[in-house]
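Worksheet: the structure to be examined is printed underneath.
A short reminder: the numbers here are calculations on the coordinates, not readings from a lab. Nothing here was measured: the structure is a model prediction, and the numbers come from that model. Note that each Cβ is placed from the backbone with ideal geometry, even for glycine, and that neighbours are counted across all protein chains shown.
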Ligand code: AMP
């Protein structure tokens, strides 16, 4: 194995592709920032207990996919596999829910870790932008989050995504359904592992991708028929609000999601250009999570969108983001005196907020002009001894090819004017 190889299931973000990742994070978070969500950052690891209790002991995420470690001091930690449990933990620790301003609306962006079988779109280290609205039960809040995710994807130019929506019921009706489903499933012809799953997390069996399993599930009891009146009314209101916002969605009663904490509204964003790892984002309501981790009753809702898969979705649709040129002005000095002078101009431009770069390393004109081209700069500044003797620099418009001498003292102001 080469020493220069990133660990299995991971990859590096390098320019120029890395610029797209930044732009995606920015595009997903912009609608949140405009809607009252404040930024939160939590550690990359937590006590393992938080995820065991919060995400659920019966989930693949906790039983198979978590990176756990024991510190030299004997603490049991886990690299975070998802964001919600940590964000809720942090909000409770900081007493944000007691500041008298519910819901507490938070957004985050960061790295997550799952020991999964790597494949296209599925990595062991990946990146999410997420949002949580803590402490309020209101269908408009569920609708807000779905609408904002839709807005973010549309702003990025994505079109081939679909929103799948379901309700998982609450602590009144879900247990009744769970039992009916278990009774049905126990009579089927299933392997040992699936049989075990029936006892711990029967809803996940509905999610089984195998055709022979799906065939047997045709007559499985439907959660929809078991929803209590309160859950039904809540779900209808969420549907009505997002419909009124012009957001198209599909009802998907099979959508159960892989985490234990969801109640009522659950949704997933899937992209049709991604093959098997088609979920670009997902979320839902988690009214019981706070109590599961030892907090007060705080009904909440949130989502997380995968940055890696969103970038893959953009590539699948052939969407080119309109990324601003990194460098506006590139300075090419010819000789030592010019180097000092132009380096000064570059510093002045940067301080004035103009993106500028410099031909470092004392290369010849040809090589330096190549770098200028590659930088995407709109203008280059070239100066040699003769120019300096005349008190000018050569200003070249890289688009039109036009070049003119500009007094050195006015170079920065002239560029500022031309760049608007
Ligand atoms: P989840 O919490 O599993 O619903 O994940 C939310 C989003 O994070 C998914 O829709 C994916 O976009 C992304 N995601 C989850 N796991 C991975 C992974 N192993 N590799 C890349 N992206 C992932």
Rounded if a/c is under 1.5, else prolate if a/b beats b/c, else oblate: with a ≥ b ≥ c from the C-alpha gyration tensor eigenvalues square-rooted, which is the stretch 213-305?
rounded
Checking the a/c ratio against 1.5 first, then a/b against b/c, what shape does the Cα gyration tensor give for the stretch 329-419?
rounded
What would the Debye equation give as log₁₀ I(q)/I(0) for the chain at q = 0.08, 0.13 Å⁻¹, counting only Cα atoms as equal point scatterers?
-0.58, -1.11
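Pairs of alpha-carbon atoms within less than 8 angstrom and 6+ residues apart define the contacts here; what relative contact order does the chain have, in percent?
16
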Among 207-220, 233-246, how do they line up from the highest to the lowest mean number of other beta-carbon atoms within 10 Å?
233-246, 207-220
Roughly how many Å is it from the Cα centre of the stretch 331-353 to that of the stretch 58-72, as a whole number?
53
Using only helices, what value at 222 nm comes out for the chain when you add -39,500 (n - 2.57) per DSSP H run of length 4 or more and divide by the total residues, to the nearest 500 deg cm²/dmol?
-11000 deg cm²/dmol
Could you please state, rounded to a whole Å, how far the C-alpha centre of the stretch 1-37 is from the C-alpha centre of the stretch 91-139?
17
Within a Gaussian network of the chain (alpha carbon springs, distance under 10 Å), most fluctuating of 86, 375, 35:
375
Give the relative contact order (percent, whole number) for the stretch 329-419; include only Cα pairs under 8 Å separated by 6+ residues.
30
What does the C-alpha gyration tensor say about the overall shape of the stretch 1-120? Classify as rounded when a/c is under 1.5, otherwise prolate if a/b is larger than b/c, or oblate.
oblate
Between the modelled labels at residue 409 and residue 352 (7 Å from Cα along Cα→Cβ) the distance in nm is 1.5
Considering only the stretch 12-107, what is the antiparallel percent among its DSSP beta bridges, to the nearest 5?
75
Efficiency of FRET between residue 39 and residue 228 - r from beta-carbon atoms, R0 45 angstrom, step 0.05:
0.75
FRET efficiency for residue 13 and residue 115, Cβ-Cβ distance as r, R0 = 25 Å, nearest 0.05?
0.75
Suppose we keep just the DSSP beta bridges with both residues in the stretch 329-419; what percent of those would be antiparallel, to 5?
55
The stretch 270-329 and the stretch 370-390: distance between their alpha carbon centers, rounded to Å:
43
